Amino acid sequence: MNEAIRPSRQIPPQAAVVPQLSVIVPTFNERDNVTTLYQRLETALAGVAWEVIFVDDNSPDGTWGVVRGLARQDNRVRCIRRVGRRGLSGACIEGILASSAPCAAVIDADLQHDETQLPKMLALLQAGNLDLVVGSRYIEGGNADSFNRQRAGASALATEVARRVLRVKIADPMSGFFMIRRECFEQLAPRLSAQGFKILLDVISSAHGQLRVKEIPFSFGSRLHGESKLDSMVALEFLGLVLAKLTHDVVSLRFLMFAMVGSLGVFVHFATLYTVLRGFHAPFAVAQGWAALLAMTSNFVLNNFLTYRDQRLKGFAILRGLVLFYLVCGVGLAANVGVAFSVYAQQPIWWLAGAAGALMGVVWNYAMSGLFVWRKR
């Protein structure tokens, strides 16, 4: 085995026992952290029958290889390597459903969560009067002092939106550190979105107040190695999740994100139209053509990086996907206009006809994009 992935000491094979606790660790480019996390779990969970399942999104840095090195020396370690799928929520769902213990904990691989709280969380669940225990940064005794001002503000805003809009009653619904009874999770799993980062918020809002929940404080630490996976797109994913839950999952998170990207495309279209008309004094037909082309291109790029980030096209597939997206949107435009004219002919209300046409267009584009552009292979 390569020296770079060898644990610091030899670990004797463990006897086959039924674990009391499954620890789920979603990973992407965390090779420098997983061995340290494993060693910390071994110390924190001494005396507990446990397993750890690393769910890796095919990390380019070979995180999955490090985990497999650990698994060869300790059969409590398992690795799920996902190819063609990506996203923290989806990784957590797959990991928990693949676990064998009655209780499952979710913890980040970046060493910012406090693994020493796991025995306390397990004891609370085993007492029998709780379904979910949440590691909270925002109750007495907890803190997120490692956040910079921007991240602290974003976290506070998201937490307030979740509590007010979705009526979530806990102090830290955005926490990524929690433990749940697996039987409860399995009942909720069909209603959960595999997209996004906020799996706990999805679990709590999907349960509609039926989970018995307790928060315990912990201090959110600083990342030691690697880079944060949070980016500017997470805000749109969060908004899409909130809207999906407001509709009681009648409308999917992916569709809402596709529609939001389409709305941004409208602004791109009009900004380009204005610029080409006024700045370059081009004929309207030319300006309209450039505006439509740029809007479709921007929509494709945003959808590739956000809406379909778990099926993201790369390399030559991007060019092929872009051409197919142009074709899909071209047909969608024809459907838009056709439906709008049909509605207007029956009921001459311009805004109703326009809305009907736009809805038809976005539904068509979403359905055909999933079928031809970002189809699962």
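The values are calculated or read from the model by the stated rules, or taken from the named source; none is laboratory data. Note that the coordinates shown come from a computational prediction; the quantities given were computed from them, not determined experimentally. Virtual Cβ from ideal backbone geometry, glycine too; neighbours counted across all protein chains shown.
Out of the range 343-358, which residues are in contact with a helix residue (DSSP H, G or I) (Cβ under 8 Å, 6 or more places away or on another chain) and at pLDDT 85 or above?
None; the set is empty.
How about the range 31-51: which of its residues are polar (S, T, N, Q) and under 14 Å from Val77 (Cα atoms)?
Thr35, Thr36, Gln39
Scan Leu241, Leu264, Leu293, Leu256 and give me the residue that is closer than 21 Å to Val363 by Cα, without any contact (Cβ under 8 Å) to a residue 40 or more places away in the chain, part of a helix (DSSP H, G or I) and touching a Ser or Thr at 6+ places or on another chain (Cβ under 8 Å).
After applying the criteria, what remains is Leu264.
Does any residue of the range 333-351 turn out to be among the small types (Gly, Ala, Ser), within 20 Å of Phe270 (Cβ to Cβ) and surrounded by 18 or more Cβ atoms within 10 Å (Cβ to Cβ)?
yes
Can you spot a residue in the range 196-209 that is surrounded by fewer than 16 Cβ atoms within 10 Å (Cβ to Cβ) and outside the structural domain of Asn303 (by TED's automatic domain parsing)?
Scanning the range 196-209 turns up at least one residue that is surrounded by fewer than 16 Cβ atoms within 10 Å (Cβ to Cβ) and outside the structural domain of Asn303 (by TED's automatic domain parsing).
Return a yes/no flag: does the range 76-90 have any residue that is surrounded by fewer than 20 Cβ atoms within 10 Å (Cβ to Cβ), over 24 Å from the mean Cα position of the chain (by Cα) and among the basic types (Lys, Arg).
Looking through the range 76-90, none of the residues is surrounded by fewer than 20 Cβ atoms within 10 Å (Cβ to Cβ), over 24 Å from the mean Cα position of the chain (by Cα) and among the basic types (Lys, Arg).
Select from the range 146-187 the residues that are in contact with a strand residue (DSSP E or B) (Cβ under 9 Å, 6 or more places away or on another chain) and outside any loop (DSSP other than H, G, I, E, B) and write down the one among them that is surrounded by the fewest Cβ atoms within 10 Å (Cβ to Cβ).
That would be Arg182.
Filtering the range 281-336 down to residues that are in contact with a helix residue (DSSP H, G or I) (Cβ under 6 Å, 6 or more places away or on another chain) and of a type in the set (S, T, N, Q), which residue is farthest from Arg86 (Cα to Cα)?
Among those that are in contact with a helix residue (DSSP H, G or I) (Cβ under 6 Å, 6 or more places away or on another chain) and of a type in the set (S, T, N, Q), it is Asn336.
Only one of Val268, Val276, Val328, Val301 is out of contact with any Phe, Trp or Tyr (no Cβ under 9 Å at 6 or more places or on another chain), hydrophobic (A, V, I, L, M, F, W, C) and crowded, with 17+ Cβ neighbours inside 10 Å; which?
Val268
Can you find a residue in the range 93-100 that is surrounded by fewer than 20 Cβ atoms within 10 Å (Cβ to Cβ) and either among the aromatic types (Phe, Trp, Tyr) or touching a Ser or Thr at 6+ places or on another chain (Cβ under 7 Å) (or both)?
Checked the range 93-100: at least one residue is surrounded by fewer than 20 Cβ atoms within 10 Å (Cβ to Cβ) and either among the aromatic types (Phe, Trp, Tyr) or touching a Ser or Thr at 6+ places or on another chain (Cβ under 7 Å) (or both).
Looking at this structure, is Glu160 charged (D, E, K, R), assigned by TED's automatic domain parsing to the domain that holds Gly209, under 11 Å from Ile216 (Cβ atoms) and modelled with pLDDT under 95?
Judged against the criteria, Glu160 is not a match.
Give the residues of the range 309-325 that are in contact with a Leu (Cβ under 9 Å, 6 or more places away or on another chain) and surrounded by 13 or more Cβ atoms within 10 Å (Cβ to Cβ), sorted by residue number.
Correct list: Leu313, Gly321, Leu322.
Within the range 17-68, can you find the residues that are crowded, with 24+ Cβ neighbours inside 10 Å and farther than 29 Å from Gly84 by Cβ?
Correct list: Leu21, Trp50.
Going through the range 357-369 one residue at a time, which ones are closer than 19 Å to Leu253 by Cβ and without any contact (Cβ under 8 Å) to a residue 40 or more places away in the chain?
Hits for the range 357-369 are Leu359, Val363, Ala367.
Taking Leu111, is it buried (at least 21 other Cβ atoms within 10 Å of the Cβ), modelled with pLDDT of 90 or more and over 30 Å from Arg312 (Cβ atoms)?
no
Tell me the residue from Asn365, Asn336 that is of a type outside the set (A, V, I, L, M, F, W, C), under 35 Å from the mean Cα position of the chain (by Cα) and at pLDDT 90 or above, please.
Selected residue: Asn365, the only one of Asn365, Asn336 that is of a type outside the set (A, V, I, L, M, F, W, C), under 35 Å from the mean Cα position of the chain (by Cα) and at pLDDT 90 or above.
Is it the case that some residue within the range 304-312 is modelled with pLDDT of 90 or more and under 25 Å from Gly196 (Cα atoms)?
Yes: the range 304-312 contains one or more residues that are modelled with pLDDT of 90 or more and under 25 Å from Gly196 (Cα atoms).
Under 6 Å between Cβ atoms, which residue pairs at least 6 apart in sequence (or on different chains) link something in the range 319-340 that is within 16 Å of Val261 (Cα to Cα) with a partner that is in a helix (DSSP H, G or I) and among the hydroxyl-bearing types (Ser, Thr, Tyr)?
Correct list of pairs: Val328/Ser369.
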